[in-house]
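One structure is given below, encoded as structure tokens.
The values are calculated or read from the model by the stated rules, or taken from the named source; none is laboratory data. Treat the numbers as computed from the prediction; the structure is a model and nothing was measured. With ideal geometry, Cβ positions are generated from the backbone for all residues, glycine too; neighbour counts draw on all protein chains shown. To get the accessible areas, we keep the full protein, side chains included, count just its heavy atoms, and leave off ligands, DNA and RNA. Shrake-Rupley method; radii C 1.70, N 1.55, O 1.52, S 1.80 Å.
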Amino acid sequence: MADATMDSSGSPPAGLFPASFAQRRLWFLDQMVPGSAAYNVPLALRLIGQLDVASLEKALRSLVGRHESLRTTFAEIDGDPVQIVASEASVVLGQSTMDGPAESEVEAALQAEAELPFDLSRGPLVRAQLLTVGPTEYVLMLTFHHIVADGWSMGVVVKELLEFYQAAKDGREPELPALPIQYADYAVWQRDWLTGERQEALLAYWRG
């Protein structure tokens with residue numbers, strides 16, 4: 001487990017952010033059952049046609065570079081988790097080739113990848129694996145820990161990954177708007193919002 005310390009003001013050091021309440025819950029569960037893959041979020045995309053692997057690798061790096069949550073790991077300060085956002089993308093595209101086109105082999109490979117655990121303190125908390133099934137058939141497996149992505153996020157991932165890939169192939173800039181906020185900004189807002197009388201009112205409701 002990675003540890004960190006508070007500064008003299010009692011706040012996390014520069015570069016660290018508080019975990020959201022949802023992240024705190026998932027971090028706690030990970031402390032209870034280390035090495036569990038129960039909160040892995042897998043996504044498999046079947047790709048047909050001539051694949052530009054170099055452009056796909058660039059697209060993955062661009063996707064992770066765009067979203068801070070995909071560059072986030074977690075440390076502990078006085079028993080509480082904090083987010084650490086890396087400045088650079090570190091996702092690596094693993095590659096393997098199936099011996100034959102048997103669907104059972106593909107399913108077994110996807111299942112094995114989905115069941116590999118993550119280390120929340122080390123990361124990265126997203127993995128990418130490209131399976132070559134045939135001369136023009138591939139399966140791209142992306143696996144996220146739920147602490148950095150959810151089911152709704154998968155639609156965003158697919159849309160933006162395709163745009164980054166096409167832009168890399170065409171040698172142009174991707175047509176995606178700048179992100180006004182990142183998830184860490186939301187976590188800070190949430191912690192500031194849920195304080196004082198508002199927090200006490202909600203706690204009283206659930207106690208009741």
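Below are the figures for this structure:
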{"item": "The chain, accessible surface, carbon-and-sulfur percent (1.4 angstrom probe)", "result": "55"}
{"item": "At R0 = 30 Å, FRET efficiency that the Cβ-Cβ distance of Leu162 and Thr195 yields, to 0.05", "result": "0.15"}
{"item": "Cα-only radius of gyration and Dmax that characterise the chain, units Å", "result": "19.4, 62"}
{"item": "Mean Kyte hydropathy of -0.5 or more with a Cα span along the axis of at least 24 Å, helices from DSSP in the chain", "result": "151-170"}
{"item": "Anisotropy class of the range 77-178 from Cα gyration tensor, a/c 1.5 cut", "result": "oblate"}
{"item": "Per residue, in Å², the accessible surface of the chain once ligands and nucleic acids are set aside, probe 1.4 Å", "result": "57"}
{"item": "Inter-part distance where the range 81-151 and the range 58-72 are each reduced to a Cα centre, Å", "result": "14"}
